[in-house]
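The values are calculated or read from the model by the stated rules, or taken from the named source; none is laboratory data. Model, not experiment: these values are computed from the prediction. Don't worry about glycine lacking a Cβ; one is built from the backbone with ideal geometry, like all the others, and counts go over all protein chains shown. For the accessible areas, the whole protein counts, side chains as well, though only heavy atoms, and no ligand, DNA or RNA atoms are used. Shrake-Rupley method; radii C 1.70, N 1.55, O 1.52, S 1.80 Å.
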Amino acid sequence: YYLAVAEEAEIGLRGPEQLLWLARLRADRDNFRAALEWSLTRARAGMRIDMPSFFKQSTIEERQEVSCTRLLAVELCLRLTAALRPYWEWQGYLTEGRDWLGAALAIPIEKGAGETVIAARAKALSEASRLVCLQNDQSRSAELAEASIALWRQLENPDGLAGALLHRGWAAHGAGEYEVAKRAYQEGLESLTPAGNTWLRAELLFHLGAAEGFTFNFEEMRSCYTQSKELFEQVGDTSALADVLKDHGGMMLLEGNCIEAVDSLLKSINLCYAMDHKQFIATGMGLLGFAVGLSEKPDPFSASLHSAQLSGAAEGLMNAIGLTPWTRTNPFVQMVRRQIRARVDDPSWEAAWAAGRALTAEQAIELANRFGRDALS
């Protein structure tokens, strides 16, 4: 039952009813944990489970059971953990999600396993790669994505392959390997059929745009962002549109458009706060710290202190959800931070950072809006 809910919710979180699905997943959080533990125990014992056919053929609202099939518990466990990854990321349960996926993937697949079992493992590997990437373990993220890619190629599944290539690009992106990332995103796009997964096409275009931006192909970047936004609007994914606003805001800094960046980031942060998307709020806050600092408004000294407070607030939000952004170790990003920090003395910077670090999420949002307005005025 909870596998059926999770798999339907995974799709629902990408559409116009995403907040309704989020509320449903929240309400059943403890039940999902119980289902995960139940399936994991049986998977480790190599058991099979009776699976009502309607769970595989219809929506969970339909109750006309036809017959039962025997499903390997390891397949159920892999599918359940993979389907819950978007929820774990949205709500900031990154470490919990990584632990569940790791436990499911630690169960060996028997030689000669059927295609559905292999597909379940391939998807779980891909989803684990994304969570690992969010904790800045890019070499491990790349390994997981490559293992997923190999299985999807074996199965000749274009959507699965495109999803794994998206996460392979993510790992390369986080490691600063932008040409590798671009090749992965482009191959993912090429693997989709013209009438293929619209949401996945939008994701690939979105992240291809970011990789183009990091290699200073700004015209191509803007084209990719425009196409991805149109597709996300088509499927009704508001959270993804907020993510595009966030990342585009970050890319505007590379173009030297600090004020436009602040505006885009504020819109994204407030939209994400309304949806309680903890991962996007935290990363958006971090980018806003850079944008405000580089804006030098209302004056360079104040802008640097505002940047310190926002950066401290971002760090607090990230630590609360187990997020380790790739920006924390990226040489270029750290060079920019040093430039902003150099305008003030160390005690003033550290005091401002600590003050931001101590804020609640609500206080951090209020601070972001106040400092953002200062930069825009």
* Which entry is the computed mean projected area of the Cα convex hull in nm² for this structure: (1) 20.2; (2) 31.4; (3) 18.3? -> (3)
* Residues with amide H under 5 Å of LEU71's amide H, sequence separation 5 or more or different chain, H placed in the peptide plane at 1.01 Å from N; which? -> ILE49, ASP50, MET51
* Asked: What is the calculated FRET efficiency for PHE216 to MET47, with r their C-beta to C-beta distance and R₀ = 41 Å, to the nearest 0.05?
  -> 0.15
* Asked: Ranked from the most accessible area to the least, with a 1.4 Å probe and all protein chains present, what is the order of ASP299, ASP243?
  -> ASP299, ASP243
* HN-Hα J in Hz across the stretch 177-187 - Karplus 6.51, -1.76, 1.60, θ = phi - 60°, x for Gly and Pro -> 9, 5, 5, 4, 4, 4, 4, 5, 5, 5, 5
* To do: Name the most mobile residue of SER239, SER39, SER348, meaning the one with the largest mean-square fluctuation, in a Gaussian network model of the chain with Cα contacts below 10 Å.
  => SER348
* To do: Keeping all protein chains in place, calculate the accessible area per residue for the chain (probe 1.4 angstrom), answer in Å².
  => 42 Å²
* Structure fact -> Note on the stretch 198-254: contact order normalised by length, alpha-carbon pairs under 8 Å, 6 or more apart, percent, works out to 39 percent
* Total charge dipole magnitude, the stretch 131-214, about the Cα centre, Cβ charges on Lys, Arg, Asp, Glu only, Debye to nearest 20 -> 60 debye
* **For the stretch 190-204, 3J(HN,Hα) per residue [Karplus equation, 6.51 cos²θ - 1.76 cosθ + 1.60, θ = phi - 60°, Hz, x = Gly/Pro]** => 5, 6, 7, 6, x, 9, x, 4, 5, 4, 5, 4, 4, 4, 5
* Residue-level accessible surface for TYR87, protein heavy atoms, 1.4 Å, Å² -> 10 Å²
* Asked: Among LYS123/LYS182; LYS182/LYS267; LYS182/LYS229, which pairs are too far apart, with a Cα-Cα distance over 24 Å?
  -> LYS182/LYS267
* the stretch 251-273 to the stretch 301-341: how many Å between their Cα centroids? -> 15 Å
* Structure fact -> With DSSP loop assignment and no more than 16 other C-beta atoms within 10 Å, the trypsin sites (Lys or Arg not before Pro) in the stretch 66-114 are LYS111
* Extension gain (nm, one decimal) between PHE301 and ILE259, 0.36 nm per residue minus Cα-Cα -> 13.4 nm
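What FRET efficiency comes out for the pair GLU156/ARG24, r = Cβ-Cβ distance, R0 = 41 Å, nearest 0.05? Can you show the working numbers first?
Details: r = 34 Å, r/R0 = 0.83.
Computed FRET efficiency for GLU156 and ARG24: 0.75.
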* Structure fact -> Per the stretch 208-300, sqrt(5λ) over the Cα gyration tensor eigenvalues, sorted largest first, in Å, gives 21, 18, 9
* **Under-5 Å amide H pairs with GLY92, H placed in peptide plane, nonlocal only** => LYS278, GLN279
* **For the chain, size of Cβ-based charge dipole, Lys and Arg +1, Asp and Glu -1, in debye** => 680 debye
* Estimated inter-spin distance, THR69 and ARG370, nm [label 7 Å along Cα→Cβ] -> 5.8 nm
* Mean residue ellipticity (222 nm) of the chain, computed from DSSP H runs ≥ 4 via -39,500 (n - 2.57), nearest 500 -> -25500 deg cm²/dmol
* How would THR360, THR329 line up by accessible area, probe 1.4 Å, largest first? -> THR329, THR360
* Could you go through the stretch 119-135 in sequence order and give the Karplus-derived ³J(HN,Hα) for each residue, using 6.51 cos²θ - 1.76 cosθ + 1.60 with θ = phi - 60°, rounded to whole Hz, and x for Gly and Pro? => 5, 4, 5, 4, 5, 4, 4, 5, 5, 5, 4, 5, 5, 5, 4, 5, 9
